[in-house]
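The block underneath contains the structure these notes are about, expressed in C-alpha cells.
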C-alpha cells in the first residue's frame, strides 16, 4: 500500500503572533453568548491566558486530520511491528498494552469510510505514525504544538472560530450543529471534507469539531515536546461530541498519552515548510 498523499495548507510564516483569549474578547463573549459569563465568574478562561509568541521558522499543517485510509497504510506497513518507529515510551506502552491497531478499528461506524478521521489512537500511536511517514517520505513530519495549531486555526486576526467570530451551523461537526436546527445531531465522526465552509485562514478544515487533535506539547507547557511517558498531552479543536463553547480555536484540553477515544485523532505538521 503506497504512503498517503497529504494536502498541505498555505505556508504559515515565521513571525510574532498572539494566542489565547484576552480580556476584551472575554467581555465580548460574555455579551454575545449565554455561557461565557459563568465561565468568567469561575475563572475558566485562565487556561487561555493571552500570550505573544514568536515562530522562528515557517511550517504547513495538513488540510485534514489523518484519515482511516491514511492510517491503514501505516498498519499495512507493519507499523505496530517495527520498534524503530516508536519512541522508547511508546514502545513500552505498545508492548504493555499488546496493541496491533487503533481502538474501534473493526467497527464500521468509525472506520467504514476511508475519509473518516482515524480515532482510537493514543498519543504514542500518533507519534509513531509521524515517525513512519517521515521515514518513508524523507520529510520532517510531526504533531503540531498548541501554538502552531492555534495560529493555523485562527490566523493573525485572533478569530474565535476558524471561519470567524460567531458559530455557524454546518461549518463543523459538533453537537450543536443539528440541535440548533431542531434536528438530531450526527453523534459520530463525518468525512474530513464534509464542511468546506469551516476552513481556517490558511485553508485547514475540521479544526473545529469532528475529532480532538493531539498536540506535541504537554498540557502544562506549550513548548515541551519531550515524549514523556505519563505527562498529559494537549488536545485541541473539540469534536462531534462537543458544544460550540469548547470547540473554539483557543480552547485547551488534554489527554493522557495512552488514551484511545472515539472522538480523538491527530493532524500532521510539515516542519520548515
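Annotations
- Strands (runs of 3 or more DSSP E) contained in region 143-259 and holding at least 2 residues farther than 21 Å from residue 12 by Cβ and at pLDDT 95 or above: 252-255
- Any hit, region 87-104, residues being assigned to a loop (DSSP other than H, G, I, E, B) and under 23 Å from residue 8 (Cα atoms): no
- Total residues in region 260-273 satisfying the condition of being assigned to a strand (DSSP E or B) and touching a helix residue (DSSP H, G or I) at 6+ places or on another chain (Cβ under 7 Å): the figure is 1.
Yes/no matrix, rows are residues, columns are (1) touching a residue at least 12 places away in the same chain (Cβ under 8 Å); (2) buried (at least 19 other Cβ atoms within 10 Å of the Cβ); (3) out of contact with any strand residue (DSSP E or B) (no Cβ under 9 Å at 6 or more places or on another chain):
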site: 78; (1), (2), (3): no, no, yes
site: 109; (1), (2), (3): yes, no, yes
site: 116; (1), (2), (3): yes, yes, no
site: 120; (1), (2), (3): yes, yes, no
site: 142; (1), (2), (3): yes, yes, no
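- Of all the numbered requirements in (1) buried (at least 24 other Cβ atoms within 10 Å of the Cβ); (2) in contact (Cβ under 8 Å) with a residue 60 or more places away in the chain; (3) over 12 Å from the mean Cα position of the chain (by Cα), residue 128 misses one, and that requirement is (2).
The values are calculated or read from the model by the stated rules, or taken from the named source; none is laboratory data. Worth saying up front: this structure is predicted, and the values here are computed from it rather than measured. FYI the Cβ positions are ideal-geometry reconstructions off the backbone, even for glycines, and counts take in every protein chain you see.
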